[in-house]
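The values are calculated or read from the model by the stated rules, or taken from the named source; none is laboratory data. What you are looking at is a predicted structure, and each value in this text was computed from that prediction instead of being measured. Here Cβ is always computed from backbone atoms with ideal geometry, including for glycine, and neighbour counts include all displayed protein chains. Surface accessibility is based on the protein's heavy atoms, side chains included, excluding ligands, DNA and RNA. Shrake-Rupley method; radii C 1.70, N 1.55, O 1.52, S 1.80 Å.
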Amino acid sequence: MDADRRIAAVEEVPEDGTLLVTLRPTDPDAVDDGEGDVGADEDGTPEAEAIITRAAGKVAAFRNYCQHWTDVRLDKDDGAFVRNGEVFCQKHGATFEADSGYCNFGPCEGATLESVGVAVDGDGVYLDDDAYEFVRLGPATRDGDGSGSRIDFTGS
Ligand code: FES
């Protein structure tokens with residue numbers, strides 16, 4: 001695997017949360033500003049986020065926006081809530097299977113999170129998706145806090 005595409009050690013991906021990373025789409029037109037995880041660097045180049053999950057030993061990655069309201073991020077910089085192998089959206093309580101991204105409960109039941117290709121090689125997790133380049137761990141660059149103005153279950 002190309003060292004430039006190494007995201008993290010497998011052990012750094014929590015089983016009770018998500019690891020947030022910033023990616024750069026290879027096609028800037030492939031991302032939609034309406035997706036809550038899209039930002040832009042200081043040059044205006046679009047960035048997007050992915051959440052890395054680890055459930056029952058399987059590592060997977062998905063774009064960091066809900067399938068119900070796509071402007072809502074699942075991981076708001078401190079890890080999405082994950083329990084029993086399911087990622088929760090704090091806005092309206094949808095649950096997504098952490099290994100497949102399939103929504104098995106909630107207002108977007110039957111939808112699937114947008115997948116980002118990752119692969120495990122040795123003890124590392126690597127980006128394995130030609131649609132993106134790995135930029136860094138942590139959130140995309142954006143104005144404001146990126147969480148939008150809508151109130152969620154946590155009141156934030
Ligand atoms: S925005 Fe995620 S469940 Fe409604």
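Of V82, V87, all but one fail to be within 21 Å of L23 (Cβ to Cβ), in contact with a Pro (Cβ under 9 Å, 6 or more places away or on another chain) and modelled with pLDDT of 95 or more; the exception is V82. Residues of region 42-67 that are buried (at least 18 other Cβ atoms within 10 Å of the Cβ) and either part of a loop (DSSP other than H, G, I, E, B) or on the phi > 0 side of the Ramachandran plot (or both): N64, Y65, C66, Q67.
Look at region 102-118: where a residue is within 10 Å of the ligand (Cβ to nearest atom) and acidic (D, E), no partner that is open to solvent by 20 Å² or more (accessible area, probe 1.4 Å) and not in a loop (DSSP other than H, G, I, E, B) sits 6+ places away or on another chain with Cβ atoms under 9 Å.
Filtering region 123-156 to residues that are modelled with pLDDT of 95 or more and part of a loop (DSSP other than H, G, I, E, B) leaves D123, D128, D129, D130, A131, G138, P139, A140. Scanning region 1-41 for residues that are acidic (D, E) and either in contact with an Asp or Glu (Cβ under 6 Å, 6 or more places away or on another chain) or assigned to a loop (DSSP other than H, G, I, E, B) (or both) turns up D2, E15, D16, D27, D32, D33, E35, D37, D41. Filtering F81, F88 for residues that are within 13 Å of the ligand (Cβ to nearest atom), of a type outside the set (V, I, T) and either within 30 Å of M1 (Cα to Cα) or open to solvent by 70 Å² or more (accessible area, probe 1.4 Å) (or both) leaves a single hit, F81.
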